[in-house]
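Read the structure below first, then the notes.
The values are calculated or read from the model by the stated rules, or taken from the named source; none is laboratory data. Everything quoted here is computed from the prediction, not taken from an experiment. Ideal geometry is used to build each Cβ from the backbone, glycine not excepted, and the neighbour counts take in all protein chains shown.
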Amino acid sequence: MMPLFEYRASSKAGEIAFGRIEGNSIGEVAAKLRDRGLYPIKIEPFIESPTITLGRSSAPAKTKAGPQREKKTPLKVLTLFCRQFAVMINAGLPLMPCIRILERQCEHAGFRQVLTDVRFALESGESLSRAMSRHPKSFPPIMIHMIEAGEAGGVLDRVLNRVAEHFEKESALIAKVKSAMTYPVIVLVVAVGVTAALIMFVLPMFAEMFSGANVELPFITRFLLSLSDFLKKNILYILGVLGAIAFGVVSYVRTPTGRRQKDELMLRLPLFGPLTLKMITSRFARTFSTLLASGVPMLQCLEIVGRVVTNVVAAEKLDMVSRSVRSGGSLGLSLEKTELFPPMLVHMTTIGEETGALDSLLMKVADFYDEEVDMAVKNLTAAIEPMITVFLAGVVAVILLSVFMPMAKMMQVMGE
(Lines give C-alpha, C1' and ligand atoms only; values in the text may rest on other atoms or scores of the structure.)
Protein backbone atom coordinates (compact mmCIF):
# COMPACT_ATOMS: atom_id res chain seq x y z
CA MET A 1 0.00 0.00 0.00
CA MET A 2 1.37 3.39 -1.02
CA PRO A 3 1.78 6.24 1.51
CA LEU A 4 -1.20 8.52 2.03
CA PHE A 5 -0.90 12.28 1.53
CA GLU A 6 -3.16 15.16 2.49
CA TYR A 7 -3.55 17.94 -0.03
CA ARG A 8 -5.10 21.34 -0.52
CA ALA A 9 -5.49 22.44 -4.12
CA SER A 10 -7.18 25.04 -6.26
CA SER A 11 -9.27 24.36 -9.37
CA LYS A 12 -9.18 26.48 -12.53
CA ALA A 13 -12.32 28.22 -11.29
CA GLY A 14 -10.53 29.15 -8.07
CA GLU A 15 -12.38 26.69 -5.83
CA ILE A 16 -10.36 25.14 -3.01
CA ALA A 17 -10.37 21.35 -2.72
CA PHE A 18 -9.20 19.23 0.22
CA GLY A 19 -8.59 15.52 0.40
CA ARG A 20 -6.24 12.59 0.69
CA ILE A 21 -4.48 10.72 -2.10
CA GLU A 22 -2.02 7.85 -2.36
CA GLY A 23 1.42 8.28 -3.92
CA ASN A 24 5.06 7.33 -3.61
CA SER A 25 6.25 10.92 -3.18
CA ILE A 26 5.03 14.50 -2.98
CA GLY A 27 6.08 15.05 -6.59
CA GLU A 28 3.97 12.11 -7.76
CA VAL A 29 0.96 13.38 -5.80
CA ALA A 30 1.43 16.87 -7.32
CA ALA A 31 1.47 15.31 -10.79
CA LYS A 32 -1.74 13.38 -10.07
CA LEU A 33 -3.45 16.55 -8.90
CA ARG A 34 -2.41 18.43 -12.03
CA ASP A 35 -3.81 15.59 -14.15
CA ARG A 36 -7.12 16.19 -12.40
CA GLY A 37 -6.98 19.88 -13.27
CA LEU A 38 -6.01 20.97 -9.76
CA TYR A 39 -3.20 23.35 -8.76
CA PRO A 40 -1.44 22.07 -5.60
CA ILE A 41 -1.30 24.52 -2.72
CA LYS A 42 -0.19 22.21 0.08
CA ILE A 43 0.86 18.56 0.01
CA GLU A 44 2.08 16.71 3.07
CA PRO A 45 2.16 13.12 4.34
CA PHE A 46 -0.89 12.07 6.32
CA ILE A 47 0.25 11.02 9.79
CA GLU A 48 -2.07 10.73 12.72
CA SER A 49 -0.78 12.99 15.43
CA PRO A 50 0.26 11.22 18.65
CA THR A 51 -1.85 12.28 21.59
CA ILE A 52 -1.33 12.20 25.31
CA THR A 53 -4.42 11.17 27.26
CA LEU A 54 -4.95 12.93 30.54
CA GLY A 55 -8.26 11.89 32.02
CA ARG A 56 -10.91 12.78 29.40
CA SER A 57 -8.82 15.15 27.26
CA SER A 58 -6.34 14.28 24.55
CA ALA A 59 -4.16 16.90 22.88
CA PRO A 60 -0.63 17.43 21.77
CA ALA A 61 1.66 19.04 24.25
CA LYS A 62 2.39 22.72 23.89
CA THR A 63 5.57 24.65 24.28
CA LYS A 64 6.02 28.09 25.73
CA ALA A 65 8.86 29.14 23.50
CA GLY A 66 7.98 31.92 21.09
CA PRO A 67 9.58 34.47 18.82
CA GLN A 68 10.03 36.94 21.66
CA ARG A 69 12.39 34.52 23.44
CA GLU A 70 14.32 33.50 20.37
CA LYS A 71 17.73 34.60 19.26
CA LYS A 72 18.77 34.82 15.64
CA THR A 73 19.76 31.40 14.36
CA PRO A 74 23.26 31.29 12.78
CA LEU A 75 23.34 30.76 9.02
CA LYS A 76 25.56 27.69 9.46
CA VAL A 77 22.85 26.01 11.55
CA LEU A 78 20.16 26.85 8.98
CA THR A 79 22.36 25.61 6.13
CA LEU A 80 22.95 22.24 7.81
CA PHE A 81 19.24 21.98 8.64
CA CYS A 82 18.23 22.60 5.00
CA ARG A 83 20.78 20.14 3.64
CA GLN A 84 19.72 17.33 5.97
CA PHE A 85 16.02 18.11 5.48
CA ALA A 86 16.41 18.00 1.68
CA VAL A 87 18.20 14.64 1.76
CA MET A 88 15.46 13.05 3.88
CA ILE A 89 12.63 14.50 1.78
CA ASN A 90 14.36 13.36 -1.42
CA ALA A 91 14.70 9.87 0.07
CA GLY A 92 10.91 9.72 0.42
CA LEU A 93 10.72 10.17 4.20
CA PRO A 94 7.43 11.79 5.33
CA LEU A 95 7.52 15.35 6.65
CA MET A 96 6.76 14.63 10.30
CA PRO A 97 9.48 12.01 10.83
CA CYS A 98 11.95 14.39 9.15
CA ILE A 99 11.20 17.13 11.67
CA ARG A 100 11.41 14.67 14.57
CA ILE A 101 14.84 13.42 13.43
CA LEU A 102 16.15 16.94 12.84
CA GLU A 103 14.82 18.02 16.22
CA ARG A 104 16.56 15.17 18.06
CA GLN A 105 19.96 15.62 16.39
CA CYS A 106 20.06 19.43 16.47
CA GLU A 107 22.97 20.60 18.66
CA HIS A 108 21.86 24.24 18.83
CA ALA A 109 19.61 24.39 21.92
CA GLY A 110 17.57 27.41 20.85
CA PHE A 111 16.93 26.09 17.34
CA ARG A 112 16.03 22.67 18.74
CA GLN A 113 13.26 24.33 20.78
CA VAL A 114 12.05 26.12 17.64
CA LEU A 115 11.87 22.80 15.80
CA THR A 116 9.79 21.43 18.67
CA ASP A 117 7.32 24.29 18.18
CA VAL A 118 7.28 23.65 14.43
CA ARG A 119 6.53 19.97 15.02
CA PHE A 120 3.61 20.80 17.32
CA ALA A 121 2.24 23.25 14.74
CA LEU A 122 2.46 20.57 12.04
CA GLU A 123 0.65 18.10 14.27
CA SER A 124 -2.15 20.64 14.70
CA GLY A 125 -2.64 20.77 10.92
CA GLU A 126 -0.59 23.80 9.84
CA SER A 127 1.64 23.80 6.76
CA LEU A 128 5.42 23.84 7.16
CA SER A 129 5.81 27.40 5.88
CA ARG A 130 3.04 28.62 8.19
CA ALA A 131 4.64 26.90 11.17
CA MET A 132 8.02 28.46 10.34
CA SER A 133 6.53 31.92 9.91
CA ARG A 134 5.75 31.91 13.65
CA HIS A 135 9.52 32.14 14.26
CA PRO A 136 10.78 35.10 12.19
CA LYS A 137 14.06 35.32 14.15
CA SER A 138 14.93 31.71 13.35
CA PHE A 139 13.67 31.45 9.77
CA PRO A 140 14.43 34.39 7.41
CA PRO A 141 11.64 35.61 5.08
CA ILE A 142 13.39 34.20 2.01
CA MET A 143 13.38 30.72 3.53
CA ILE A 144 9.71 30.85 4.53
CA HIS A 145 8.48 32.06 1.14
CA MET A 146 10.64 29.60 -0.78
CA ILE A 147 9.37 26.70 1.31
CA GLU A 148 5.81 27.93 0.74
CA ALA A 149 6.48 27.85 -3.02
CA GLY A 150 8.08 24.42 -2.70
CA GLU A 151 5.04 23.07 -0.85
CA ALA A 152 2.73 24.46 -3.51
CA GLY A 153 4.75 22.91 -6.33
CA GLY A 154 5.58 19.66 -4.58
CA VAL A 155 9.33 20.28 -4.95
CA LEU A 156 10.27 20.90 -1.34
CA ASP A 157 13.58 19.00 -1.57
CA ARG A 158 14.81 21.13 -4.49
CA VAL A 159 13.80 24.32 -2.74
CA LEU A 160 15.59 23.30 0.47
CA ASN A 161 18.77 22.67 -1.51
CA ARG A 162 18.44 26.12 -3.09
CA VAL A 163 17.98 27.68 0.34
CA ALA A 164 21.08 25.89 1.64
CA GLU A 165 23.16 27.07 -1.32
CA HIS A 166 21.88 30.60 -0.81
CA PHE A 167 22.83 30.57 2.89
CA GLU A 168 26.29 29.18 2.07
CA LYS A 169 26.91 32.02 -0.38
CA GLU A 170 25.52 34.53 2.10
CA SER A 171 27.83 33.23 4.85
CA ALA A 172 30.84 33.50 2.54
CA LEU A 173 29.89 37.06 1.58
CA ILE A 174 29.43 38.13 5.20
CA ALA A 175 32.78 36.57 6.14
CA LYS A 176 34.55 38.52 3.38
CA VAL A 177 32.99 41.82 4.44
CA LYS A 178 33.76 41.19 8.12
CA SER A 179 37.39 40.50 7.29
CA ALA A 180 37.55 43.75 5.33
CA MET A 181 36.06 45.74 8.21
CA THR A 182 37.76 43.96 11.12
CA TYR A 183 41.39 43.90 9.97
CA PRO A 184 41.94 47.68 9.71
CA VAL A 185 40.18 48.29 13.02
CA ILE A 186 42.32 45.73 14.89
CA VAL A 187 45.57 47.05 13.40
CA LEU A 188 44.61 50.66 14.14
CA VAL A 189 43.69 49.84 17.77
CA VAL A 190 46.99 48.01 18.25
CA ALA A 191 48.88 50.92 16.69
CA VAL A 192 47.22 53.46 18.98
CA GLY A 193 47.84 51.22 22.01
CA VAL A 194 51.54 50.81 21.20
CA THR A 195 51.91 54.54 20.61
CA ALA A 196 50.25 55.38 23.92
CA ALA A 197 52.49 52.87 25.74
CA LEU A 198 55.63 54.41 24.22
CA ILE A 199 54.57 57.93 25.20
CA MET A 200 53.37 57.02 28.70
CA PHE A 201 56.03 54.55 29.85
CA VAL A 202 59.11 54.59 27.59
CA LEU A 203 59.60 58.31 27.00
CA PRO A 204 59.47 59.28 30.74
CA MET A 205 62.51 57.02 31.37
CA PHE A 206 64.60 59.38 29.26
CA ALA A 207 63.05 62.43 30.93
CA GLU A 208 64.89 61.64 34.19
CA MET A 209 68.19 61.54 32.30
CA PHE A 210 67.46 64.85 30.57
CA SER A 211 66.46 66.59 33.81
CA GLY A 212 69.95 66.14 35.29
CA ALA A 213 71.64 67.69 32.30
CA ASN A 214 71.82 71.42 31.63
CA VAL A 215 70.27 71.08 28.20
CA GLU A 216 67.32 72.92 26.78
CA LEU A 217 64.82 70.38 25.51
CA PRO A 218 63.42 70.89 22.00
CA PHE A 219 59.75 71.67 21.53
CA ILE A 220 58.84 68.17 20.31
CA THR A 221 60.37 66.58 23.43
CA ARG A 222 58.65 69.01 25.78
CA PHE A 223 55.34 68.46 23.98
CA LEU A 224 55.54 64.66 24.23
CA LEU A 225 56.59 64.78 27.88
CA SER A 226 53.63 67.06 28.66
CA LEU A 227 51.36 64.71 26.73
CA SER A 228 52.74 61.73 28.67
CA ASP A 229 52.12 63.49 31.99
CA PHE A 230 48.60 64.46 30.90
CA LEU A 231 47.75 60.90 29.84
CA LYS A 232 49.02 59.42 33.09
CA LYS A 233 46.95 61.78 35.21
CA ASN A 234 43.73 61.67 33.15
CA ILE A 235 43.74 58.25 31.47
CA LEU A 236 40.59 57.11 33.28
CA TYR A 237 38.72 60.29 32.37
CA ILE A 238 39.88 59.99 28.75
CA LEU A 239 38.72 56.38 28.54
CA GLY A 240 35.40 57.38 30.10
CA VAL A 241 34.88 60.19 27.58
CA LEU A 242 35.80 57.91 24.67
CA GLY A 243 33.40 55.26 25.99
CA ALA A 244 30.61 57.84 26.30
CA ILE A 245 31.25 59.08 22.75
CA ALA A 246 31.22 55.50 21.41
CA PHE A 247 27.99 54.77 23.28
CA GLY A 248 26.40 57.96 21.94
CA VAL A 249 27.43 57.18 18.36
CA VAL A 250 26.12 53.60 18.58
CA SER A 251 22.84 54.80 20.11
CA TYR A 252 22.41 57.44 17.41
CA VAL A 253 23.16 54.97 14.61
CA ARG A 254 20.35 52.76 15.94
CA THR A 255 17.83 55.55 15.37
CA PRO A 256 16.17 55.76 11.91
CA THR A 257 17.91 59.05 11.10
CA GLY A 258 21.30 57.88 12.33
CA ARG A 259 21.07 54.58 10.51
CA ARG A 260 20.19 56.28 7.26
CA GLN A 261 23.09 58.73 7.58
CA LYS A 262 25.46 55.85 8.37
CA ASP A 263 24.28 53.88 5.33
CA GLU A 264 24.63 56.95 3.09
CA LEU A 265 28.16 57.46 4.40
CA MET A 266 29.05 53.82 3.74
CA LEU A 267 28.05 54.27 0.09
CA ARG A 268 30.07 57.49 -0.30
CA LEU A 269 33.35 56.55 1.40
CA PRO A 270 36.22 56.26 -1.11
CA LEU A 271 37.35 52.73 -0.19
CA PHE A 272 34.30 51.23 1.52
CA GLY A 273 31.67 52.71 -0.81
CA PRO A 274 32.41 50.51 -3.87
CA LEU A 275 32.69 47.44 -1.62
CA THR A 276 29.31 48.19 -0.01
CA LEU A 277 27.60 48.67 -3.39
CA LYS A 278 29.03 45.42 -4.76
CA MET A 279 27.86 43.56 -1.67
CA ILE A 280 24.34 45.03 -2.03
CA THR A 281 24.26 44.12 -5.73
CA SER A 282 25.40 40.56 -5.08
CA ARG A 283 22.85 40.05 -2.30
CA PHE A 284 20.03 41.51 -4.39
CA ALA A 285 20.83 39.42 -7.48
CA ARG A 286 21.28 36.15 -5.59
CA THR A 287 18.22 36.52 -3.36
CA PHE A 288 15.98 37.66 -6.21
CA SER A 289 17.20 34.86 -8.50
CA THR A 290 16.76 32.19 -5.82
CA LEU A 291 13.23 33.32 -5.01
CA LEU A 292 12.22 33.65 -8.66
CA ALA A 293 13.58 30.19 -9.53
CA SER A 294 11.56 28.73 -6.65
CA GLY A 295 8.28 30.05 -8.04
CA VAL A 296 7.79 33.14 -5.86
CA PRO A 297 5.99 35.98 -7.75
CA MET A 298 8.14 38.93 -8.83
CA LEU A 299 6.47 41.56 -6.63
CA GLN A 300 6.79 39.31 -3.61
CA CYS A 301 10.46 38.74 -4.53
CA LEU A 302 11.07 42.49 -4.50
CA GLU A 303 9.34 42.84 -1.15
CA ILE A 304 11.48 40.09 0.41
CA VAL A 305 14.72 41.42 -1.10
CA GLY A 306 13.91 44.85 0.32
CA ARG A 307 13.87 43.29 3.79
CA VAL A 308 17.01 41.22 3.19
CA VAL A 309 19.13 44.20 2.05
CA THR A 310 20.35 45.81 5.26
CA ASN A 311 21.32 49.19 3.77
CA VAL A 312 18.45 51.64 4.32
CA VAL A 313 19.22 53.67 1.20
CA ALA A 314 19.20 50.54 -0.98
CA ALA A 315 15.98 49.32 0.67
CA GLU A 316 14.29 52.65 -0.17
CA LYS A 317 15.44 52.36 -3.79
CA LEU A 318 14.08 48.80 -4.01
CA ASP A 319 10.77 50.03 -2.62
CA MET A 320 10.68 52.51 -5.51
CA VAL A 321 11.42 49.65 -7.91
CA SER A 322 8.61 47.59 -6.40
CA ARG A 323 6.10 50.42 -6.85
CA SER A 324 7.24 50.99 -10.43
CA VAL A 325 6.92 47.28 -11.34
CA ARG A 326 3.52 47.10 -9.65
CA SER A 327 2.31 49.96 -11.85
CA GLY A 328 3.42 48.13 -14.99
CA GLY A 329 7.04 49.17 -15.47
CA SER A 330 9.83 46.78 -16.39
CA LEU A 331 12.28 45.62 -13.72
CA GLY A 332 15.39 46.64 -15.66
CA LEU A 333 14.15 50.18 -16.36
CA SER A 334 12.99 50.57 -12.76
CA LEU A 335 16.44 49.56 -11.47
CA GLU A 336 18.08 52.04 -13.85
CA LYS A 337 15.91 54.91 -12.56
CA THR A 338 17.21 54.42 -9.01
CA GLU A 339 20.72 55.49 -10.18
CA LEU A 340 22.16 53.19 -7.51
CA PHE A 341 22.78 49.79 -9.06
CA PRO A 342 25.66 49.24 -11.52
CA PRO A 343 24.93 49.15 -15.29
CA MET A 344 25.81 45.45 -15.57
CA LEU A 345 22.93 44.49 -13.26
CA VAL A 346 20.53 46.75 -15.18
CA HIS A 347 21.51 45.38 -18.61
CA MET A 348 21.48 41.73 -17.51
CA THR A 349 18.06 42.24 -15.91
CA THR A 350 16.70 43.78 -19.11
CA ILE A 351 18.08 40.91 -21.20
CA GLY A 352 16.67 38.39 -18.74
CA GLU A 353 13.20 39.93 -19.00
CA GLU A 354 13.35 39.85 -22.80
CA THR A 355 14.62 36.26 -23.04
CA GLY A 356 12.67 34.77 -20.13
CA ALA A 357 15.88 33.70 -18.36
CA LEU A 358 15.88 36.31 -15.61
CA ASP A 359 16.63 33.91 -12.74
CA SER A 360 19.67 32.28 -14.40
CA LEU A 361 21.14 35.60 -15.60
CA LEU A 362 20.77 37.18 -12.17
CA MET A 363 22.52 34.19 -10.61
CA LYS A 364 25.44 34.80 -12.98
CA VAL A 365 25.44 38.44 -11.95
CA ALA A 366 25.53 37.38 -8.29
CA ASP A 367 28.49 35.06 -8.93
CA PHE A 368 30.29 37.87 -10.77
CA TYR A 369 29.81 40.36 -7.95
CA ASP A 370 30.83 37.75 -5.36
CA GLU A 371 34.19 37.66 -7.11
CA GLU A 372 34.18 41.45 -7.27
CA VAL A 373 33.60 41.62 -3.51
CA ASP A 374 36.52 39.24 -2.99
CA MET A 375 38.77 41.44 -5.13
CA ALA A 376 37.51 44.60 -3.41
CA VAL A 377 38.35 43.13 0.00
CA LYS A 378 41.88 42.30 -1.16
CA ASN A 379 42.32 45.77 -2.68
CA LEU A 380 40.99 47.41 0.47
CA THR A 381 43.42 45.46 2.63
CA ALA A 382 46.28 46.24 0.24
CA ALA A 383 45.40 49.97 0.35
CA ILE A 384 45.02 50.21 4.12
CA GLU A 385 48.21 48.32 5.06
CA PRO A 386 50.60 50.96 3.63
CA MET A 387 48.58 53.76 5.24
CA ILE A 388 48.84 52.15 8.67
CA THR A 389 52.53 51.38 8.12
CA VAL A 390 53.25 55.01 7.21
CA PHE A 391 51.27 56.20 10.24
CA LEU A 392 53.21 53.94 12.62
CA ALA A 393 56.53 54.89 11.01
CA GLY A 394 55.70 58.58 11.45
CA VAL A 395 54.78 58.14 15.11
CA VAL A 396 57.92 56.14 15.88
CA ALA A 397 60.04 58.69 14.02
CA VAL A 398 58.60 61.56 16.10
CA ILE A 399 59.26 59.67 19.34
CA LEU A 400 62.81 58.83 18.29
CA LEU A 401 63.47 62.45 17.35
CA SER A 402 62.18 63.60 20.73
CA VAL A 403 64.76 61.31 22.38
CA PHE A 404 67.80 61.63 20.12
CA MET A 405 67.71 65.42 19.69
CA PRO A 406 68.28 66.11 23.44
CA MET A 407 70.87 63.31 23.56
CA ALA A 408 72.77 64.93 20.68
CA LYS A 409 72.79 68.25 22.52
CA MET A 410 74.01 66.53 25.69
CA MET A 411 76.88 64.92 23.83
CA GLN A 412 77.72 68.29 22.25
CA VAL A 413 77.82 69.98 25.68
CA MET A 414 79.93 67.18 27.16
CA GLY A 415 82.36 67.46 24.21
CA GLU A 416 82.84 71.13 24.86
Query - Residue satisfying condition, being modelled with pLDDT of 85 or more, crowded, with 17+ Cβ neighbours inside 10 Å and of a type in the set (D, E, K, R), within set GLU339, GLU372, GLU353 - result: GLU372
Query - Every pair of residues 6+ apart whose Cβ atoms lie under 9 Å, when the first sits in region 202-215 and is closer than 14 Å to MET411 by Cβ while the second is modelled with pLDDT under 70 and surrounded by fewer than 10 Cβ atoms within 10 Å (Cβ to Cβ) - result: ALA213/MET414
Query raised in the report: Of the residues TYR183, TYR252, which is assigned to a helix (DSSP H, G or I), surrounded by 15 or more Cβ atoms within 10 Å (Cβ to Cβ) and either at pLDDT 80 or above or in the same structural domain as LEU345 (by TED's automatic domain parsing) (or both)?
Result: TYR183
**Report entry** Complete set of residues in region 150-160 that are surrounded by fewer than 22 Cβ atoms within 10 Å (Cβ to Cβ) and within 16 Å of ILE99 (Cα to Cα)
**Finding:** ASP157
Report summary line: Inside region 33-92, the number of residues satisfying the requirement of being at pLDDT 80 or above, exposed (fewer than 13 other Cβ atoms within 10 Å of the Cβ) and aliphatic (A, V, I, L, M) is 1
Requested in this report: Output yes when any residue across region 4-23 is modelled with pLDDT of 55 or more, in the same structural domain as GLY125 (by TED's automatic domain parsing) and out of contact with any Gly (no Cβ under 6 Å at 6 or more places or on another chain), and no when none is.
Outcome: no
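Residue by residue, here is whether (1) among the hydroxyl-bearing types (Ser, Thr, Tyr); (2) within 30 Å of LEU299 (Cβ to Cβ); (3) outside the structural domain of MET298 (by TED's automatic domain parsing) holds:
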position	(1), (2), (3)
LEU75	no, yes, yes
THR79	yes, yes, yes
CYS82	no, yes, yes
ARG112	no, no, yes
THR116	yes, no, yes
LEU122	no, yes, yes
HIS135	no, yes, yes
MET146	no, yes, yes
GLY150	no, yes, yes
Query raised in the report: Could you say whether any residue in region 250-263 is among the β-branched types (Val, Ile, Thr), touching a helix residue (DSSP H, G or I) at 6+ places or on another chain (Cβ under 7 Å) and farther than 15 Å from ILE199 by Cβ?
Result: yes
Query raised in the report: Can you name the residue in region 108-120 that is without any contact (Cβ under 8 Å) to a residue 24 or more places away in the chain and over 11 Å from PHE81 (Cα atoms) and is also farthest from the chain's Cα centre (by Cα) among such residues?
Result: ARG119
